[in-house]
Amino acid sequence: MSAPPPPLPDYLTRHAETLADKVAVIDDRPDGTLVRWTFSELNAQANRLANALRALGVRRGDKVVWCGQNSPGVVRIVHACRKLGAVAVPLNYRLTPDEAQYVVDDSDAVMACVDAEQAPLFAAIRAQVPKVREVLVFGGAPLAGQRDLEALVTAASADEPAVADDGTVTAQSMIYTSGTTGKPKGAVRNPPHAEQQAALLAHIGYGAGDVYLTTGPLYHSGPGGFMAIAHTLGNTVVLQRRFDAEDWLRLIARHRVTTTFGAPAPVRMVCSLPAEARARHDVSSMKRFIANAAPWSFALKQAYLALFPADSLFEVYGSTELGVNTVLRPEDQLRKPGSCGRPAPMVEIKLFDDDGREVTEPHVPGEIAVRSPSVFATYHKADATFEADRRGDFQTVGDVAYLDEEGYLYICDRKKDMIISGGVNVYPAEIEAVLDAHPDVHDVAVIGVPSEEWGETVHAIVVRHAGAALDEATLLAWSRGHLAGFKLPRSVGFADEIPRNASGKILKKVLREPFWAGRASKV
């Protein structure tokens, strides 16, 4: 019997040979700091880190937590883990010590690689994460009991790491869900399905000459996933360590950025900049802005299209667990308000009612279920949850939507965010879209609050635009012109901001808590 063919070289290894001098990573900060790594340099950095981790006992399939704001050091970790066959576990650096400890311990990570800014966080939780053998610090000095990652990298070999390949597929990453409705769960992600990824990229129009800008933290599946796509294609990646609206425009103009992925919150900040600030930066290079992470309102899309090329806006619907499920192309953005598009290549979508029956009629809501090669493998330590979310060989994450006559999908809401008022289902996202369209509304969230008569009633929490004199009566009158009676807000509150997680999702459990405190039932 002939020996199996040797595995294909890692894509970064190939780029280091064929695109050796092309810039792979740019870290361009407002303080003047500028770091550029070519593909040859990035590959050597990733190899050195992979060999350093291997010398510390990290093996194929082991979990490695990383934590830090966007930086070349973070990019190096992601590539090093892939080369080792280790599973990268990104950690949200905004978590409290208790939240961080839960994720690190639950992940069974054997190693942690953290930015120096996060070294105090890991020092605080070190005793509670005994499975972690070492805490390695990059970008600054380690604290007591931690080690200097940069010193280990400098001393390690730049040769390709020698990793035993037994032919099994190991997960590429394990990304913890945002935990907006409960404890975070680790979604174990396998390497992308090559044929499906190629079809998706062709559908959106990606090319070898693109320049990708990180709009949001790389620990989130969207920005991180599209950065991985960029490097797979041999694209240059421009990093923004922390989001700043005008600096983001500067990076687009200076580096002629062609593509990015973003949630609505940062784009809302960009569109709210003074006109003179926006005019200082040429953004005509933008070809593909991938809108996702949380729903973009129609008003926000209109504001974006007033500033950027009209053919640059793509919206995708997906999730950490299910990958990219639908695409709404530029020509449909204004033609199909409220839609997130049609199924992406090699994706099948079905809708199911509460009794598990398939919904086939247009405009009838049902729970979305997806069949696709990119559906994740499982939840880490939560197989029962994974199985409970199956509909045959389709998978669901609890979103509710309907289809129109042309097969375009319209997200109603998260099933768990749905309001049941007087026995009638009310979807907050629809109401939020109406309120968001008011010219004096900067941001909005809609929740259900307790009612002795109706069970729940609709309550809106609104952030006014700066200087706007907006009151409850005005908003209620606006709503009556756009919504059926049973969907109307019964009350409106005003706030300075809407709490959101890093991916842009509204933290509705935080908003609901004051209204439901002390009650046995939360719905």
Subset of region 485-511 (residues that are surrounded by fewer than 17 Cβ atoms within 10 Å (Cβ to Cβ), under 30 Å from the mean Cα position of the chain (by Cα) and not in a loop (DSSP other than H, G, I, E, B)): Gly493, Phe494, Val510
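One line per residue, one yes/no per condition, for (1) out of contact with any helix residue (DSSP H, G or I) (no Cβ under 8 Å at 6 or more places or on another chain); (2) open to solvent by 20 Å² or more (accessible area, probe 1.4 Å):
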{"residue": "Glu17", "(1), (2)": "yes, yes"}
{"residue": "Ser40", "(1), (2)": "no, yes"}
{"residue": "Ala44", "(1), (2)": "no, yes"}
{"residue": "Arg54", "(1), (2)": "no, yes"}
{"residue": "Val64", "(1), (2)": "no, no"}
{"residue": "Pro72", "(1), (2)": "no, no"}
{"residue": "Val75", "(1), (2)": "no, no"}
{"residue": "Cys81", "(1), (2)": "no, no"}
{"residue": "Pro90", "(1), (2)": "no, no"}
Being over 24 Å from Cys340 (Cα atoms), open to solvent by less than 70 Å² (accessible area, probe 1.4 Å) and touching a helix residue (DSSP H, G or I) at 6+ places or on another chain (Cβ under 6 Å) is the filter here; which residues of region 270-293 pass it? Leu273, Ala277, His281, Val283
If I ask for residues that are open to solvent by 10 Å² or more (accessible area, probe 1.4 Å) and either under 15 Å from Ile411 (Cα atoms) or in contact with a helix residue (DSSP H, G or I) (Cβ under 7 Å, 6 or more places away or on another chain) (or both), which ones from region 328-342 would you list? Lys336, Pro337, Gly338, Arg342
Can you spot a residue in region 111-128 that is closer than 21 Å to Gln172 by Cα, out of contact with any Cys (no Cβ under 6 Å at 6 or more places or on another chain) and surrounded by fewer than 21 Cβ atoms within 10 Å (Cβ to Cβ)? no
Test: His438 is part of a loop (DSSP other than H, G, I, E, B), crowded, with 17+ Cβ neighbours inside 10 Å and modelled with pLDDT of 90 or more: yes
Single match in Phe314, Phe308, Phe298 (criterion: among the aromatic types (Phe, Trp, Tyr), open to solvent by 20 Å² or more (accessible area, probe 1.4 Å) and either in contact (Cβ under 8 Å) with a residue 24 or more places away in the chain or within 24 Å of Asp443 (Cα to Cα) (or both)): Phe298
Test each condition in (1) outside any helix (DSSP H, G or I); (2) touching a His at 6+ places or on another chain (Cβ under 6 Å) for His482 and report the one that comes out false. (2)
Among all residue pairs at least 6 apart or on different chains, which show Cβ distances below 8 Å where the first residue, located in region 343-367, is under 15 Å from Tyr408 (Cβ atoms) and open to solvent by 80 Å² or more (accessible area, probe 1.4 Å) and the second is part of a loop (DSSP other than H, G, I, E, B) and not aliphatic (A, V, I, L, M)? His363/Asp404
Which numbered condition in (1) outside any loop (DSSP other than H, G, I, E, B); (2) open to solvent by 20 Å² or more (accessible area, probe 1.4 Å); (3) touching a helix residue (DSSP H, G or I) at 6+ places or on another chain (Cβ under 9 Å) is the only one that Ala198 fails? (3)
Can you find a residue in region 414-423 that is modelled with pLDDT of 90 or more, aliphatic (A, V, I, L, M) and either surrounded by 20 or more Cβ atoms within 10 Å (Cβ to Cβ) or touching a His at 6+ places or on another chain (Cβ under 7 Å) (or both)? no
Name the residues in region 386-413 that are modelled with pLDDT of 85 or more, open to solvent by 50 Å² or more (accessible area, probe 1.4 Å) and more than 25 Å from the chain's Cα centre (by Cα), would you? Glu405, Glu406
Which count do you get for residues in region 205-224 that are open to solvent by 10 Å² or more (accessible area, probe 1.4 Å), modelled with pLDDT of 90 or more and outside any loop (DSSP other than H, G, I, E, B)? 2
Checked pairs for region 424-448, first under 12 Å from Lys487 (Cβ atoms), second open to solvent by 50 Å² or more (accessible area, probe 1.4 Å) and polar (S, T, N, Q), C-beta under 6 Å and 6 or more apart or across chains, list as none
As an exercise: evaluate Phe39 against (1) within 22 Å of Thr378 (Cβ to Cβ); (2) of a type in the set (A, V, I, L, M, F, W, C); (3) more than 20 Å from the chain's Cα centre (by Cα) and give the number of the one condition it does not meet. (1)
For a quick check of your reading of the model, give me the residue pairs whose first member lies in region 98-124 and is free of Cβ contacts under 8 Å to residues at least 12 places away in the same chain, whose second is open to solvent by less than 50 Å² (accessible area, probe 1.4 Å) and in a helix (DSSP H, G or I), with beta-carbon atoms closer than 9 Å and at least 6 apart or on different chains. Asp98/Ile125
Among the residues of region 259-285, the number that are of a type in the set (Lys, Arg) and in contact with a Leu (Cβ under 7 Å, 6 or more places away or on another chain) is 2
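The values are calculated or read from the model by the stated rules, or taken from the named source; none is laboratory data. For clarity, every value in this text was computed on a predicted model and none was experimentally measured. Note: ideal-geometry Cβ built from the backbone for every residue, glycine included; neighbour counts use all protein chains shown. These accessible areas exclude ligands, DNA and RNA; they are computed on the full protein's heavy atoms, side chains included. Shrake-Rupley method; radii C 1.70, N 1.55, O 1.52, S 1.80 Å.
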